[in-house]
1. Residue by residue through segment 77-100, note down the ones that are touching a residue at least 40 places away in the same chain (Cβ under 8 Å) and either within 17 Å of the chain's Cα centre (by Cα) or over 26 Å from ARG58 (Cα atoms) (or both).
2. Which of the residues spanning segment 79-106 are among the charged types (D, E, K, R) and assigned to a loop (DSSP other than H, G, I, E, B)?
3. Any idea which of ASP20, ASP24, ASP41, ASP16 is more than 12 Å from the chain's Cα centre (by Cα), in a helix (DSSP H, G or I), at negative phi and modelled with pLDDT under 95?
4. Of everything in segment 66-76 that's assigned to a helix (DSSP H, G or I) and without any contact (Cβ under 8 Å) to a residue 24 or more places away in the chain, which residue is nearest to ILE47 (Cα to Cα)?
5. Looking at segment 44-65 only, could you name the residues that are outside any helix (DSSP H, G or I) and touching a helix residue (DSSP H, G or I) at 6+ places or on another chain (Cβ under 9 Å)?
Amino acid sequence: METDSGKRKDANALRDHANDSVTDSCGNVFADLDLNLSDLDMLKIQIARAISATIERRQLTQVQAAKILETDQAKVSALLRGRLKTFSVERLFRFLAALGRDANIHIPARCRANERGRIKVMAA
C-alpha cells in the first residue's frame, strides 16, 4: 500500500525531471562528452571493443584470455577496462587475430586533396 508521502516523493521526482532536456547525439559518445580523442584513440577503442566482445562471447576468464593473447592477466584487465595508452594498434590487431577474428582494412580509391582523410572501423 502506497502512502501519501510516497506519492508526494514520486510527484516531486517527476517535477524535478520535468525541466531536464534531452540532447541528440552526434553518433559519437566521446564527442558528445567533449572528449577530444584522436583518430588513433578512436581506432584503439573500436578494436578493444571487438576484443572485449570476443572474450565475453567465448566466456573466457582474463587468465584464459591472457594465455591466448600471450600476455599477462594485468594487461588483459587494462584492455577490458579501456586503459589503452600502452597498447599499439598493431598489438591490438594481433590480439584480434589470436582470438580468431579477421580484420579487413579497406582503403578506398577516393582521394581528398584539400582535407584530411578519416579512419573508420566497422565491426560486424
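The values are calculated or read from the model by the stated rules, or taken from the named source; none is laboratory data. Note that the coordinates shown come from a computational prediction; the quantities given were computed from them, not determined experimentally. Don't worry about glycine lacking a Cβ; one is built from the backbone with ideal geometry, like all the others, and counts go over all protein chains shown.
1. Hits for segment 77-100 are LEU84, PHE87, VAL89, LEU92, PHE93, PHE95, LEU96.
2. If the condition is that a residue be among the charged types (D, E, K, R) and assigned to a loop (DSSP other than H, G, I, E, B), then ARG81, ARG83, LYS85, ARG101, ASP102 are the ones that fit.
3. Testing whether each residue is more than 12 Å from the chain's Cα centre (by Cα), in a helix (DSSP H, G or I), at negative phi and modelled with pLDDT under 95 leaves just ASP16.
4. The extreme case among them is VAL76.
5. If the condition is that a residue be outside any helix (DSSP H, G or I) and touching a helix residue (DSSP H, G or I) at 6+ places or on another chain (Cβ under 9 Å), then ARG58, LEU60, THR61 are the ones that fit.
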